[in-house]
Amino acid sequence: MTWFSVRVWPEAATRDAVTQVLFDHGCAALQDDGPSIVTCFPEEQIAALRAAIAPEVRVEVAPIADVDWSERWKDQLHAHRIGSLTIAPPWLATPGAIVIEPAMAFGTGDHPTTRGVLHLMQQVIRRGDLIADLGAGSAILSIAAAKLGASRVAAIEIDAEAISNAELNVRQNDVDDCVQVIQGDAGLLLPLLAPVRVVLANIISSVLVELLPVMDASLTADGAMIVSGVLRAERAHMLSVFGAAGWTLADEIAEAEWWSASLERTRVAP
């Protein structure tokens, strides 16, 4: 079977729709590279996929070299030092590192959105904090929160296939006494966990906007939220949305096409 890489460049407004088309045609996983999305398909599916994607969306298809990936895929993963935290796959881990077992769940430290949250949370999380991690994926952010001193972390993930990986990572990092992996809809579960002092949300911008009222209502008066999954081009719009809801930018970091931010409640002058 001949496989082809498929790279598409959707506009922000059609990004979710194009992603859904890829999954509907059998995409098992995809990589978000900022302006583009890349995945792979067998040759016999390419024609149907092209026909399903809107003609104005740029699509590039290229054959994939016949390579034995049984070990080569490991070359694509790296250890990352982010402030006081080190993130690594098991074969690159050093003492004290957060060890993340690569799997289908998102979050190995190799994506700028994950690194952005890991960087910002080190200035936000206080010892004893209650944390909610929305769209937890591999639970990398939840584990980091525990390592930074949080007393209780709820790692909420709706994707059933990610749960076993998240639970494995929590156990391997010896934080299962304070990190609980919960499968379900963050919009429904977060109010049941409230109040929390910090919400972590590495989710696409449209979902952040949808969840903002729930996050706002579930945070303590001195609470903070750290958001990511936002394109740099969306920064001004998202700041406007947060500002209208009573939130002010506290810190931010951008890497490649991605923007991450920590926000605090807008202070009212006495």
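Things to note:
- When the stretch 172-197 is filtered for residues that are of a type in the set (V, I, T) and touching a Leu at 6+ places or on another chain (Cβ under 8 Å), the ones remaining, listed by number, are I182, V196.
- Matching option when the condition is of a type in the set (G, A, S) and in contact with an Asp or Glu (Cβ under 6 Å, 6 or more places away or on another chain), among A217, A250: A250
- Number of positions in the stretch 2-50 that are free of Cβ contacts under 8 Å to residues at least 60 places away in the same chain, closer than 20 Å to F106 by Cα, of a type outside the set (A, V, I, L, M) and in a helix (DSSP H, G or I): 4
- V117 passes every criterion in (1) outside any loop (DSSP other than H, G, I, E, B); (2) surrounded by fewer than 24 Cβ atoms within 10 Å (Cβ to Cβ); (3) of a type outside the set (F, W, Y) apart from (2).
- Some residue of the stretch 165-182 being assigned by TED's automatic domain parsing to the domain that holds A261, crowded, with 24+ Cβ neighbours inside 10 Å, within 16 Å of the chain's Cα centre (by Cα) and within 21 Å of A217 (Cβ to Cβ): no
- Selection from the stretch 15-29 of residues that are buried (at least 16 other Cβ atoms within 10 Å of the Cβ) and over 14 Å from Q45 (Cα atoms): R15, V18, T19
- Strands (runs of 3 or more DSSP E) enclosed by the stretch 129-206 - at least 3 residues per element that are touching a residue at least 24 places away in the same chain (Cβ under 8 Å), over 24 Å from G34 (Cβ atoms) and out of contact with any helix residue (DSSP H, G or I) (no Cβ under 7 Å at 6 or more places or on another chain): none
- Residue among A103, A144 that alone is under 18 Å from A28 (Cα atoms) and in the same structural domain as E210 (by TED's automatic domain parsing): A103
The values are calculated or read from the model by the stated rules, or taken from the named source; none is laboratory data. Keep in mind the model is a prediction, meaning the values are calculated, not measured. Reconstructed Cβ throughout: ideal geometry from the backbone, glycine too, with neighbour counts over all protein chains shown.
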